[in-house]
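Visitor: Before anything else, here's the structure in question.
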Amino acid sequence: MAEEQEVIQIELLCKQLYESPDPALREQAEKAVVAFQESPDTLSKCQMLLERGESSYSQLLAATTLGKLISRSTASLTIQQRLDIRNYVLNYLATRPKLANFVVQALVTLYSKITKLSWLDMVKEEYVFHNVVNDITSFLRSQELCTVGVQLLSQLVVEMNQVSEADANRSLAKHRKIASSFRDTTLFEIFRLACSLVGAARGSRADSLVLALLRLAHNCLAFDFIGTSGDEASDDLCTVQIPTSWRPTFLESTTLELFFELYHELGGAMSSLALACLVQLASVRRSLFSNSERAKFLNRLAAGVLRILDNTQGLSDPANYHEFCRLLARLKSNYQLGELVMVDNYPRLIELIAKFTVQSLQMWQFAPNSVHYLLSLWQRMVASVPYVKATEPHLLETYAPGVTAAYIGSRLDAVSCVVRDNVEDPLDDAGTVQQQLEQLSVIGRCEYGKTCALLVAHFDRAAAAYAHETQPQQLLVLQGQLTWLVYIIGAAIGGRASVNTCEENDAMDGELVCRVLQLMDLTDSRLAQGGCEKLELAMMSFFEHFRKIYVGEQVQKNSKVYRRLSEVLGLSDESQLLSVLVMKIITNLKYWGGSEQIIGKTLGLLSDLSAGYSCVRKLVKLDEVQFMLTHHTAEYFPFLGISGVGTSEMRCRTMLYTALGRLLMVELGEDEERFHAFMMPLTAAFESIVGLLDGAVFASEEAKKTLIGLARDLRGLTLAFNTKTTYMMLFDWIYPVYMKVLLRGIELWYPEPAVTTPVLKLTAELAQNRNQRLHFDVSSPNGILLFRELSNIICGYGSRILTVEVDKKQLYALKLKGISLCFSILKAALCGNYANFGVFRLYGDEALDNALNMFVKLLLSIPQSDLLDYPKLSQTYYVLLERLAQDHMSFLANLQPEPILYILCSISEGLTALDTTVCTGCCATLDYIVTYLFKQLVQKTSNKVPKPRQPPPEISNMFVEVLQRRPEIMQQLLATVLNVIIFEDCCNQWSMSRPLLGLILLNEEQFSRIRGEMIAQQPRDKQAQLADWFNGLMASIEPNLLTKNRDRFTQNLSVFRRDINDLLKGTSVSSAGSVNDMMTS
């Protein structure tokens, strides 16, 4: 009775949650519902909720709760319980045809989850969850329930295909085994069923059934057959890896014809789904067919496409249009141009595709996201022209220039609409523009002379009008058109890298470059009255392409581009051209300080120019560069100022000073006077805030911004100064006074990441021993002094940030990012080899102990779950932990139980992380720990002859004590490593093998138990074989961790893993799943 009352209360809560207008009541109800879902006795209550069926909301809650219960762990329910739930769900759906749609969907999802997670379970040597088609046949026979039956199959295919969070947490390898088994036993039957049913339902008016069947067919074709599909960003590169057993269906002409007919007969969402199925069919792997079969299949596909192009009425629907564009793109991504030209009516086909492309480009506001696929088709076709061996003409030289002209013309026409009608500007979507320009750069190289002539004509017209236009609106139109033309010219020049070019093409590039440089002179002369930001961004994009092709190490200086530049602009060599580029950089830094985008692109260009060996040596000889090296102040470059500049805009300063540092280093040598002259603006800035140390300067907003700017500037220089001489000049300049200013800034503004992040990043860079630049002289104490400062900053920040409470949503930004940077600093310091850490304790210096203890405090403040949730944090933590285990194991060994358990738990989690670097680092860390424990536990109990005069080893060892009290920790680590090696797709097997031997030697009883359970799980005829393999794993292995013994074990493990994988791929795959669950549950 009490349980029934509780169920009634839950129904009331559901009503309040979904229907109450009172937010407080809804929040209270939500908390109660979550508590119900988390409670252990939900199973019977969920059944009561479904049986009562008082409201759709309570039915929804019951279905989703059962889904969560099953996803948490299949071990929590017996196979019979899961079978009962599955059968109950099917019966419930069959006997209640009037359920709300969202309840049906929840129950369908529940059925799919149970079936997937139980797929490998057996009862009396039978896979009881495999008979899905038989289970659902009764639904398909009923007119009323047929749609629900199709939904069940469709959701099951989706569930089998997708990697849920539960799958990722359990085992990706197990997910693939289930998906592969489903693919091999059931999927083809479901696909054939979908095709036959949709063929039968074509004439009926059951739209919802046809829609569900098309969705089912599409889900089958979109299945990840071999477990390699990435995200949908690689959509245009997709190949559908249809199994060979499906081949007869694809050889039948009726399969393709069915979906083409469905497209023509149906409307709305159904016709777009038919096209989506055709996209998948067009993407079938090439190796499924012989050459003649592939030609026939492509011929049928091309005929269907031609029929759609002859009657484009259905393509006015955006969904149909989008899918058809995808279908066209697949024609080239999956077939060679030599095969395409051989299809029937190819000339007519390519003519209509070109016409369709031109019309699509001209209608630039209609489905702009679909244009990518059309341009992709033409890009691939043009790129293939040099490799075509077919006798039939490809006709691309006839139609590709039309596509190029249509794109250019449509973008120019769009500008007046944007200005006049205030519609969304395509230029605002920089990512899409960049992608389209990359495609156009290849298409435009077909008949490049026509492309250049067209660009020159458009450019000359627009530039001439722009020089004299005064009417504001028309000026905006011309600026927009010139922006597009500069972007397109940059892309056209960049396209030179993808083709075999000739001198005529270089001469045409020269014509284009001259015009852009002349326009740049015009726009720069007007900057005092204000400029056009988008046009400047286009200019920087142009210079980026131009630099890659015509400036730098590998460029032929006798190129016709330079001849044309000499004739028109008097730029006879690369140095003069570099002078023009640097003047442009200086102009932008002077006038565009308020545009973070332009400053970023400009500094990117400067950085690229300063990174080349020969280029940087030419740059330093230029007067313009010398000007930058002596005048890097806010007076000349306003974005280096404090007033009116936001802290986020200061990020560009690091890039500027990295480039300036590279330029300074070229001729600096050991000239300290020149160095100090260069540092004068930074020295003045530091001196203005040095009063922070004694309180003479108030901690004002101005002082804060000055410190942020200085930290960013100095980080740039530290990145550039990668030689011992230049680094030591910088160190002598910054130590000790300015380091204390940085520390004081951390102490004052510790809760503000805008201050702490740049200062901590600078500190981390100072700690980096890049190119052995921190190789101090024998008599120099600088290594010790540097480490003390690093320790002070870690402790100064750490002790204060621990007192800050932040909201979960802002935890990383306000707290964890700074902690991660502290880990980076400590890791760089411990790896740098510039300080002997033994001397700290020897002389009573607490710097090392303070830093290590602060690491522990910071680590314990991080919730365990957050370590792997934030990739940057996990990478810095695990790399640091590896170094500590390698060189400072005595420190780890004497920690208190809480941090020891935390560290071991984090290693266990890291061993199964998806990030290979984290996983490999954990293996190395665990190996160091296990080796240490083996020496402590095993070798101390052995009957070794003690060495005379050697002091007895330290007895107090918290690490050993903790593990003696909690032996299950090492046993769990052993199970985890074995689990990964045996069942997962282990890509770092060597790393995994290193700690495994030590774990086995420390946990011999646990290893024997796991071995016995694994053998017992196998069929009787396989048990002896598996026992032999386990014996082979430990064959000739001695009870020590010497290198020779480890190497022998690693070799044994490779053989063992290969043999056991072959076994698990066989009929005994079910036992693999159950052992896998046993190890990870």
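The values are calculated or read from the model by the stated rules, or taken from the named source; none is laboratory data. Since we're looking at a predicted model, the values are computed, not measured. Using ideal geometry, Cβ is built from the backbone for each residue, glycine included, and neighbour counts are taken over all protein chains shown.
Visitor: Which members of the stretch 857-896 meet the condition of being among the small types (Gly, Ala, Ser), closer than 19 Å to Gly818 by Cβ and part of a helix (DSSP H, G or I)?
Guide: Ser874
Visitor: Right, here's the next one. Can you pull out the residues in the stretch 446-464 that are modelled with pLDDT of 90 or more, among the hydrophobic types (A, V, I, L, M, F, W, C) and either crowded, with 16+ Cβ neighbours inside 10 Å or farther than 14 Å from Gln518 by Cα (or both)?
Guide: Those that are modelled with pLDDT of 90 or more, among the hydrophobic types (A, V, I, L, M, F, W, C) and either crowded, with 16+ Cβ neighbours inside 10 Å or farther than 14 Å from Gln518 by Cα (or both): Cys452, Ala453, Leu454, Leu455, Val456, Ala457, Phe459, Ala462, Ala463.
Visitor: Here are some residues: Tyr88, Tyr111. Which one is among the aromatic types (Phe, Trp, Tyr) and over 35 Å from the mean Cα position of the chain (by Cα)? Give the steps one after another, and end with the answer.
Guide: Values: Tyr111 fails: over 35 Å from the mean Cα position of the chain (by Cα).
Being among the aromatic types (Phe, Trp, Tyr) and over 35 Å from the mean Cα position of the chain (by Cα) holds for just one of Tyr88, Tyr111, which is Tyr88.
Visitor: Oh, and also: Taking the criterion of being under 19 Å from Leu375 (Cβ atoms) and either of a type in the set (Asp, Glu) or not in a helix (DSSP H, G or I) (or both), would at least one residue in the stretch 446-469 satisfy it?
Guide: Yes, some residue in the stretch 446-469 is under 19 Å from Leu375 (Cβ atoms) and either of a type in the set (Asp, Glu) or not in a helix (DSSP H, G or I) (or both).
Visitor: Counting only residues that are touching a Leu at 6+ places or on another chain (Cβ under 8 Å) and not in a helix (DSSP H, G or I), how many does the stretch 342-388 have?
Guide: 3
This table checks each residue for (1) at pLDDT below 80; (2) assigned to a loop (DSSP other than H, G, I, E, B).
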| site | (1), (2) |
| --- | --- |
| Phe36 | yes, no |
| Gln47 | yes, no |
| Thr64 | no, no |
| Tyr92 | no, no |
| Lys98 | no, yes |
| Phe102 | no, no |
| Gln105 | no, no |
| Thr109 | no, no |
| Ile114 | no, no |
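Visitor: Here are the criteria: (1) in a loop (DSSP other than H, G, I, E, B); (2) without any contact (Cβ under 8 Å) to a residue 60 or more places away in the chain. Tell me which single one Arg800 does not satisfy.
Guide: Condition (1) is where Arg800 drops out.
Visitor: To continue, here is another question. Inside the stretch 759-791, can you point out the residues that are within 19 Å of Leu719 (Cα to Cα) and outside any helix (DSSP H, G or I)?
Guide: Ala767, Gln768, Asn769, Arg773, Leu774, His775, Phe776
Visitor: Please determine, by comparing only the residues of the stretch 314-335 that are modelled with pLDDT under 90 and of a type in the set (S, T, N, Q), which one is surrounded by the most Cβ atoms within 10 Å (Cβ to Cβ).
Guide: Per the stated criteria, the residue is Asn334.
Visitor: Search the stretch 407-424 for residues being part of a loop (DSSP other than H, G, I, E, B) and free of Cβ contacts under 8 Å to residues at least 24 places away in the same chain, and hand back the single one that is surrounded by the most Cβ atoms within 10 Å (Cβ to Cβ).
Guide: First, pick out the residues of the stretch 407-424 that are part of a loop (DSSP other than H, G, I, E, B): 422-424.
After this cut, where a residue has to be free of Cβ contacts under 8 Å to residues at least 24 places away in the same chain as well, the list is 422, 424.
Values: Asn422: 8, Glu424: 10.
Ranking the candidates gives Glu424 first.
Visitor: Check every one of the helices (runs of 4 or more DSSP H) wholly within the stretch 619-704 and list those with 2 or more residues that are closer than 22 Å to Val759 by Cβ and at pLDDT 90 or above.
Guide: Working: elements: 623-630, 652-668, 672-678, 680-689.
So the answer is 652-668, 680-689.
For (1) within 21 Å of Asp460 (Cβ to Cβ); (2) surrounded by 19 or more Cβ atoms within 10 Å (Cβ to Cβ); (3) under 41 Å from the mean Cα position of the chain (by Cα), each residue gets a yes or a no:
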| residue | (1), (2), (3) |
| --- | --- |
| Leu522 | yes, no, no |
| Gln529 | no, no, no |
| Leu537 | no, yes, yes |
| Ile549 | no, yes, yes |
| Ser559 | no, no, yes |
| Arg564 | yes, yes, no |
| Leu578 | no, yes, yes |
| Met583 | no, no, yes |
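Visitor: So for the stretch 130-139 (the condition being surrounded by fewer than 22 Cβ atoms within 10 Å (Cβ to Cβ) and closer than 20 Å to Leu77 by Cα), does at least one residue qualify?
Guide: For the stretch 130-139, residues surrounded by fewer than 22 Cβ atoms within 10 Å (Cβ to Cβ) and closer than 20 Å to Leu77 by Cα: present.
A quick yes/no check of all residues on (1) modelled with pLDDT under 95; (2) within 32 Å of the chain's Cα centre (by Cα); (3) not hydroxyl-bearing (Ser, Thr, Tyr):
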{"site": "Arg715", "(1), (2), (3)": "no, yes, yes"}
{"site": "Lys740", "(1), (2), (3)": "yes, no, yes"}
{"site": "Arg744", "(1), (2), (3)": "yes, no, yes"}
{"site": "Ala754", "(1), (2), (3)": "yes, yes, yes"}
{"site": "Leu762", "(1), (2), (3)": "no, yes, yes"}
{"site": "Asn771", "(1), (2), (3)": "yes, yes, yes"}
{"site": "Pro781", "(1), (2), (3)": "yes, no, yes"}
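Visitor: Being closer than 12 Å to Gln241 by Cα and either at pLDDT below 90 or out of contact with any strand residue (DSSP E or B) (no Cβ under 6 Å at 6 or more places or on another chain) (or both) is the filter here, so list the residues in the stretch 277-288 that pass it.
Guide: The first filter runs over the stretch 277-288 and keeps only residues closer than 12 Å to Gln241 by Cα, leaving 280-288.
Selection gives Leu281, Ala282, Arg285, Arg286, Ser287, Leu288.
Visitor: Under 6 Å by Cβ, and 6 or more places apart or on different chains, what pairs join a residue from the stretch 833-850 that is closer than 9 Å to Ser791 by Cα with one that is among the aromatic types (Phe, Trp, Tyr) and part of a loop (DSSP other than H, G, I, E, B)?
Guide: Within 6 Å, the pairs are Leu848/Phe837.
Visitor: Can you tell me which of Thr186, Thr147 is under 30 Å from Phe260 (Cβ atoms), over 37 Å from the mean Cα position of the chain (by Cα), among the polar types (S, T, N, Q) and surrounded by 13 or more Cβ atoms within 10 Å (Cβ to Cβ)? Explain how you work it out, then say what you get.
Guide: Details: Thr186 fails: over 37 Å from the mean Cα position of the chain (by Cα).
Within the list Thr186, Thr147, the selection yields Thr147.
Visitor: Which of (1) closer than 19 Å to Lys872 by Cβ; (2) among the small types (Gly, Ala, Ser); (3) more than 32 Å from the chain's Cα centre (by Cα) does Ala829 not meet, given it meets every other one?
Guide: Checking Ala829 against (1) closer than 19 Å to Lys872 by Cβ; (2) among the small types (Gly, Ala, Ser); (3) more than 32 Å from the chain's Cα centre (by Cα), the one that fails is (3).
Visitor: Continuing with the same structure: Give the stretch 684-700 a look and list any residue that's in contact (Cβ under 8 Å) with a residue 12 or more places away in the chain and among the β-branched types (Val, Ile, Thr), or say none. Before you say what the answer is, go through the steps one by one.
Guide: In the first step, residues of the stretch 684-700 are kept if they are in contact (Cβ under 8 Å) with a residue 12 or more places away in the chain; the result is 685-686, 688-690, 692-693, 699.
Scanning the stretch 684-700 gives Ile689, Val690.
Visitor: Is it true that some residue in the stretch 627-637 is within 20 Å of Arg526 (Cα to Cα), touching a residue at least 12 places away in the same chain (Cβ under 8 Å) and not β-branched (Val, Ile, Thr)?
Guide: Yes, the conditions are met somewhere in the stretch 627-637.
Visitor: Still on this model: Of the residues Thr404, Thr432, which single one is touching a helix residue (DSSP H, G or I) at 6+ places or on another chain (Cβ under 6 Å), within 26 Å of Leu352 (Cα to Cα), part of a helix (DSSP H, G or I) and not aromatic (Phe, Trp, Tyr)?
Guide: Thr404 is the lone residue from the list that is touching a helix residue (DSSP H, G or I) at 6+ places or on another chain (Cβ under 6 Å), within 26 Å of Leu352 (Cα to Cα), part of a helix (DSSP H, G or I) and not aromatic (Phe, Trp, Tyr).
Visitor: A further question follows. Any residue at all in the stretch 370-385 that is free of Cβ contacts under 8 Å to residues at least 24 places away in the same chain and either surrounded by fewer than 18 Cβ atoms within 10 Å (Cβ to Cβ) or on the phi > 0 side of the Ramachandran plot (or both)?
Guide: We begin by selecting, within the stretch 370-385, every residue free of Cβ contacts under 8 Å to residues at least 24 places away in the same chain; these are none.
Checked against the condition, which is being free of Cβ contacts under 8 Å to residues at least 24 places away in the same chain and either surrounded by fewer than 18 Cβ atoms within 10 Å (Cβ to Cβ) or on the phi > 0 side of the Ramachandran plot (or both), the stretch 370-385 yields no hits at all.
Visitor: If you go through the stretch 806-820 one residue at a time, do you hit one that is closer than 25 Å to Pro863 by Cβ, assigned to a loop (DSSP other than H, G, I, E, B) and in contact with a Lys or Arg (Cβ under 6 Å, 6 or more places away or on another chain)? First the steps, then the outcome.
Guide: Within the stretch 806-820, the subset closer than 25 Å to Pro863 by Cβ is 806-820.
Those still in the list that are assigned to a loop (DSSP other than H, G, I, E, B) too: 806-807.
Going one step further and asking which of them are in contact with a Lys or Arg (Cβ under 6 Å, 6 or more places away or on another chain), we end up with 806.
Scanning the stretch 806-820 turns up at least one residue that is closer than 25 Å to Pro863 by Cβ, assigned to a loop (DSSP other than H, G, I, E, B) and in contact with a Lys or Arg (Cβ under 6 Å, 6 or more places away or on another chain).
Visitor: Then there is this: Give the stretch 370-394 a look and list any residue that's out of contact with any Ser or Thr (no Cβ under 8 Å at 6 or more places or on another chain) and either at pLDDT below 90 or over 25 Å from Tyr321 (Cα atoms) (or both), or say none.
Guide: Once the filter is applied, which keeps residues that are out of contact with any Ser or Thr (no Cβ under 8 Å at 6 or more places or on another chain) and either at pLDDT below 90 or over 25 Å from Tyr321 (Cα atoms) (or both), the stretch 370-394 yields Ser384, Val385, Pro386, Tyr387, Val388, Lys389, Ala390, Thr391, Glu392, Pro393, His394.
Visitor: Among what's in the stretch 117-152 and is among the small types (Gly, Ala, Ser) and part of a helix (DSSP H, G or I), pick the residue that is farthest from Ser196 (Cα to Cα). Walk me through how you get there before you give the answer.
Guide: The first filter runs over the stretch 117-152 and keeps only residues among the small types (Gly, Ala, Ser), leaving 118, 138, 142, 149.
After this cut, where a residue has to be part of a helix (DSSP H, G or I) as well, the list is 138, 149.
Numbers: Ser138: 17, Gly149: 15 Å.
Among those that are among the small types (Gly, Ala, Ser) and part of a helix (DSSP H, G or I), it is Ser138.
Visitor: Please work out if Ser142 is more than 23 Å from His175 (Cα to Cα) and among the hydroxyl-bearing types (Ser, Thr, Tyr). Give the derivation first.
Guide: Numbers: more than 23 Å from His175 (Cα to Cα): yes; among the hydroxyl-bearing types (Ser, Thr, Tyr): yes.
Yes: the conditions hold for Ser142.
Visitor: Given the criterion over 19 Å from Phe250 (Cβ atoms), modelled with pLDDT of 90 or more and under 30 Å from the mean Cα position of the chain (by Cα), identify the matching residue among Val163, Val158.
Guide: Values: Val163 fails: modelled with pLDDT of 90 or more.
When all the criteria are applied, what remains is Val158.
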